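What follows is a short report on a single structure.
Values quoted throughout were computed directly from the atomic coordinates according to the rules given, and no laboratory measurement underlies them. All figures in this text were calculated on a predicted structure; none of them were measured in a lab. Positions of Cβ are backbone-derived with ideal geometry, glycine not excepted, and every protein chain shown enters the neighbour counts.
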Amino acid sequence: MTGVLDGIRVLDYGRFIAAPWCSALLADMGADVIRVEKREGGEDRWVQSIADSGEGGTFLQCNRNKRSLTLDTTTAEGREVTRKLVAGADIVVANMPAVGMRTSGLDYDTLRTIKPDIILASATAYGEGGPYSDRIGFDGAGQVMSGAVYRQGLPDQPIRTVVPYADFGTALTLTIGVMMALYHRDRTGEGQHVEGALLPTAMMLSNAFLIERDLLGTDKPRMGNQGTSVAPCDLYRTSDDGWVLLQIAGPSMFRRWCRLVGRPELFDDPRFADDDLRWQHGEELNGIMAQWCADKTKAEVLELLEAAKLPAAPMHSTQEVLEDPHVQAMGYLKRVPFPGTPKDVPLIETPFRLSATPGEIRRRAPLLGEHTDEILEEIGYSSEAVVGLRDRGVV
């Protein structure tokens, strides 16, 4: 099947998540993505190793469908290889502070002297042009500086989310920007610089908290798993030590919930007249729901909530996710072999589906430098020249 981005070449100088997941999505859609990394491998390759060769799970997810080229970009010969790569590329993806981009010759001004219509997609921690622009930072920096962590956790303990949503969110927004830039280039012939950053991504996801603070001058307290604006809303323990999430919003749902738990009079109680009031009195409503769940199994709770058409979901363990019948039926995880793993790796499929040109995982993540010879020969180096580059420690 022809991918929607067939014929597009991407140079990926990204590390960890924000840039590599962006280029992985482009690769899923058919782009030829070349991961350029140090001769000893990028730091993200070896985090949380699950393969005999040392690669980690996040690396395998974020680098499927790519080819690997090792290159010492600090040498004169390495910089020449970079120029030849850029001359044949459509997009360069990187995540490092602006000073690092300039040092590596990956800043937009340098790139467009080589290829005027190049698109540069860069991901940073804080964005370019402000007092923090030269600082480095991982996903947690975006989380804690966005105001989100201030609002989440336990009353006396803020808790950062273990899932790196600022990283993955930045990858998604960066991918949208790249596609907009490609559309613009098709119409005008002009390239441009696409920027993404962890802090504004995290602020986008928690913007409602900032609006509430600015307009009302208030911050709601940290309340664990309870809702930030509605009730009943929490994770409730069942008799078999399972957990079920319920989120009630709006009068229709609240009425059905009142009937379900055998408390129809609550619907006419003025304390619970709207979502804001129900949130203010959430401790009582959540207590009623917790008691209702306490003598029922997880399966029984879910069956009753589904019959009442109330939005509920079981808390899954990681093993339960792997075994979930819906996950399996939808094919959300694709088993992909990788050298040195005890079994095939369950990789998340492209997280959006197109009816005519769907993304697909065509190949596993590359071993370090696996395609170096192949890529260099594509840009004009002979086999003998590649051997020389390797002997001199350039690749």
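Output the 0 to 90 degree angle, nearest 10, between the alpha-carbon long axis of helix 207-216 and the longest principal axis computed from the alpha carbons of the chain.
Roughly 50 degrees, rounded to the nearest 10.
Computed over the Cα atoms, what is the radius of gyration of region 290-395 divided by 2.2 N^0.38 Å, N being its residue count?
Working: Rg = 24.2 Å, N = 106, 2.2 N^0.38 = 12.9 Å.
Working it through for region 290-395, the quotient is 1.87.
For the chain, what is the calculated [θ] at 222 nm in deg cm²/dmol (nearest 500), taking -39500 (n - 2.57) for each run of four or more DSSP H residues and dividing by its residue count?
Values: 18 runs with 162 residues, N = 395.
-11500 deg cm²/dmol, from helical runs alone.
By what distance, in whole Å, do the Cα atoms of region 233-319 stretch along each of the three principal axes, largest value first?
On the principal axes, region 233-319 reaches 42, 22, 19 Å in Cα extent.
Only counting other Cβ atoms within 10 Å, I'd like Arg67, Arg151 sorted with the fewest neighbours first.
Arg151, Arg67
Nearest 10 degrees, 0 to 90: what angle lies between the long axis of helix 251-260 and the longest principal axis of the chain (Cα atoms)?
60 degrees
Lysine pairs in the chain 8 or more apart or on different chains: how many have alpha carbons under 20 angstrom apart?
Values: Lys38/Lys66; Lys38/Lys84; Lys66/Lys84; Lys66/Lys334; Lys84/Lys115; Lys296/Lys309; Lys298/Lys309; Lys334/Lys343.
Qualifying lysine pairs in the chain: 8.
Which residues' amide hydrogens lie under 5 Å from the amide hydrogen of Gln247, considering only partners 5 or more residues apart or on another chain, with H built in the peptide plane?
Residues meeting the amide H criterion: none.
Please give the direction-averaged projected area of the C-alpha convex hull for region 53-113, in square nanometres with one decimal.
Working: hull surface 21.6 nm².
Here the figure is 5.4 nm², rounded to one decimal.
Which residue fluctuates most in the GNM of the chain (Cα springs below 10 Å): Ile288, Ile91, Ile17?
Ile288
Please compute the net charge surrounding Lys38, taking Lys and Arg as +1 and Asp and Glu as -1 over other residues with Cβ under 14 Å from its Cβ. Could you put the intermediate results ahead of the total?
Values: positive: Arg15, Arg35, Arg39, Arg45; negative: Asp12, Glu37, Glu40, Glu43, Asp44, Asp72.
Charge balance in the 14 Å sphere: -2.
How far is the Cα center of region 365-391 from the Cα center of region 312-348, in Å?
35 Å
Shape call for region 2-118 from the C-alpha gyration tensor, a ≥ b ≥ c root eigenvalues: rounded (a/c under 1.5), prolate (a/b greater than b/c) or oblate? Spell out each step's value before the answer.
On the way: a/c = 1.90, a/b = 1.24, b/c = 1.53.
Oblate shape, in that a/c is at least 1.5 and b/c is the bigger or equal ratio.
What is the angle, in °, between the Cα long axis of helix 18-28 and the longest principal axis of the Cα atoms in the chain? Nearest 10 is fine, range 0 to 90.
Long axis of 18-28 versus the principal axis of the chain: about 80 degrees.
Convex hull over the Cα atoms of the chain, averaged projected area in nm²?
23.6 nm²
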